[in-house]
Every structure is written in C-alpha cells, then in structure tokens.
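Encoded as structure tokens, the structure appears first; notes follow it.
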There are 2 protein chains.
Amino acid sequence: MTKEEKRFQEKIKSIQDTMFVIGGKWKIPIILSVYSGNKRFNEISNSIPKITNRVLSKELKHLEENLLITRNVIEDYPVRIEYAVTDYGLGLEEIAKPLESWGKKHKKKIIGK
Amino acid sequence: MTKEEKRFQEKIKSIQDTMFVIGGKWKIPIILSVYSGNKRFNEISNSIPKITNRVLSKELKHLEENLLITRNVIEDYPVRIEYAVTDYGLGLEEIAKPLESWGKKHKKKIIGK
DNA sequence: GATACTTGTATACAAAAGGATACTTAATTA
DNA sequence: TAATTAAGTATCCTTTTGTATACAAGTATC
C-alpha cells in the first residue's frame, strides 16, 4: 500500500468513527436541543418532532458515554434530572453548522429540479 | 410556537435531511474514494475496507439518485462502467473535512482517558 | 380517593441497514 | 479448456433502529 493509500484509509476511518459517535437521525438534534435550553427529558422530547421515549433514552445514554452531555440529578423535592452539554460537546458546532447549511442547499436543489 | 422554536425545528429538519442523504458508515467514504481516482466498481470496493458488493451497489445507486455521482457506461470492448463525482458532489468537501478532523480529535480524547 | 404528571424502563414487534456467500454473463487470459 | 475479471444480483441472516404500549414510584391536582 502506498503512503497515499494509507492516508486515505485513515481518513475513512476517522469519518466512520465520527459517524459512529454522532451519526443517525437524532444525536445532533438532541445535543442542539439541550444546548438551546432544554434540560429535562420531556422538554427535550417535546422539542424534537417524532422522537419517542425509548429512542431519546437510548441516545442520551450513548451521548453521555461519549462525554458529549452530562446527566445531573438535582436533589430537590421532587428530584429532578437535568441534562447539559459538556464543553467537549460544544465542539460539535463545527460539524452541526455545515450539516445544516448543506441540508438547506440540498433541499433547494431537489425542489428546484 | 415562538419564532425561535420554529427556527430550531427547521435547523433539525435540515440536519436530518443531510443525514438521510449522506449519513451512515459508507456514503462519504465512497464519494471520497471516487473523488480520489477510483472510477470502477472493483477499484472502489478494494479501496474501502470491509465494504461488501451488495452494500456498495446500493449506496452507489442512492448517491446517483441524489445527484452526487454519475454512472457512465463506456462503450468499449468490453464495456466499462465508470463512476464520477458530480460538481454538486464536490460540495460535500465542506462536510467531509469537519467530520474527519472531529473523528481524529475524538480518538485522541477517548484513548487519552 | 382518583387521576394525572415526571422520568424514564420493559416488552414485543416491525422495518431498515448491514453482512456473508454464492451466482450470473460475457470477455479475456493462461 | 480452465481460470479470472468485471459489475453487479440473489438469497439468507443478523444487527440496528424505530414504533407501540404498558408500567414504575413519587408528587401534585381535582
């Protein structure tokens, strides 16, 4: 394998890693929702059209495991759970922005056919 | 729904549109492969570790339908098929770059724990 | 006292995505 | 003549994702 090819393989690997962590229909929307002020389970759930409890619950766990959000138990009466985006999670902005603007462009392209 | 909320919903929609078109493990790697010089089915297949014929075939169709690549039949003896990235497909660079660099960063973060 | 809200979990099921393997058809090469 | 290449397709199977529904335990409301 040439050096070029090797570099290409690593590029692929990095992209696949990213896709594993934040790919799919829901993960970035969830992070953006939390970032934009929705802290509690039902708030997040209501802010994202069509998401179900089961999926939201699973995705939140996945994001927590990958250090992108935190789950905080607030010892009040009654106990509350609040989610927050970590500093590390904020770094996703650099991905979310291009994804959003590309999506907009693409819709125009497809409609304009 | 406030204006803020509406804008947020549209943001989500755009991101989900993008994910539908270029999400998953294979689509961006395939485009990069073609872009970097692999034109023929088996070339592309060999350049991407672990991809199977079936998946490659499906993904190529999906990408063609979304105007990101073209499939060209070269009338030679024997007939050859060559894939190429469209000008429109080149616009994905703005997404592929951040995905790659985020993946690299993330790997370091996870290893460094 | 009965009912609803919160933050999920549990269960069962359906649909979509991904993977393994074999096969096709025509041409080329050994 | 046999094996190989090219560009996939066909079949079957597993995994992931998504949907629907019910349930829990405590608090709040009617």
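In region B:18-27 there is no residue that is surrounded by 14 or more Cβ atoms within 10 Å (Cβ to Cβ) and either more than 10 Å from chain A (Cβ to nearest Cβ) or over 15 Å from the mean Cα position of the chain (by Cα) (or both).
Hey, can you tell me all the residues within region A:39-53 that are at negative phi and without any contact (Cβ under 8 Å) to a residue 40 or more places away in the chain? Explain how you work it out, then say what you get.
Step one: filter region A:39-53 for residues at negative phi, giving A:39-49, A:51-53.
Answer for region A:39-53, where residues must be at negative phi and without any contact (Cβ under 8 Å) to a residue 40 or more places away in the chain: A:42, A:43, A:44, A:45, A:46, A:47, A:48, A:49, A:51, A:52, A:53.
For residue B:38, the test of being among the polar types (S, T, N, Q) and within 14 Å of DNA strand C (Cβ to nearest atom) is failed. Taking region A:13-103 as the region of interest, the helices (runs of 4 or more DSSP H) fully inside it that hold 1 or more residues being within 16 Å of DNA strand D (Cβ to nearest atom) and out of contact with any Gly (no Cβ under 7 Å at 6 or more places or on another chain) are A:27-35, A:41-47, A:53-65. Checking A:56, A:60, A:68, A:32 one by one, the residue that is surrounded by 14 or more Cβ atoms within 10 Å (Cβ to Cβ) and either at positive phi or touching a residue at least 60 places away in the same chain (Cβ under 8 Å) (or both) is A:32 and no other. Within region B:52-86, the set of residues being away from DNA strand C (no atom under 13 Å from the Cβ) and of a type in the set (Lys, Arg) comprises B:71 only. I'm trying to understand the selection: among the residues of region A:44-61, which are within 14 Å of another protein chain (Cβ to nearest Cβ) and touching a Ser or Thr at 6+ places or on another chain (Cβ under 8 Å)? Correct list: A:44, A:47, A:48, A:51, A:56.
Where a number appears in this text, it was derived from the coordinates with a stated rule and is not lab data. In this text, all values refer to a predicted model and were calculated from it rather than measured experimentally. Glycine also receives a Cβ, built like all others from the backbone with ideal geometry; neighbour counts cover every protein chain displayed.
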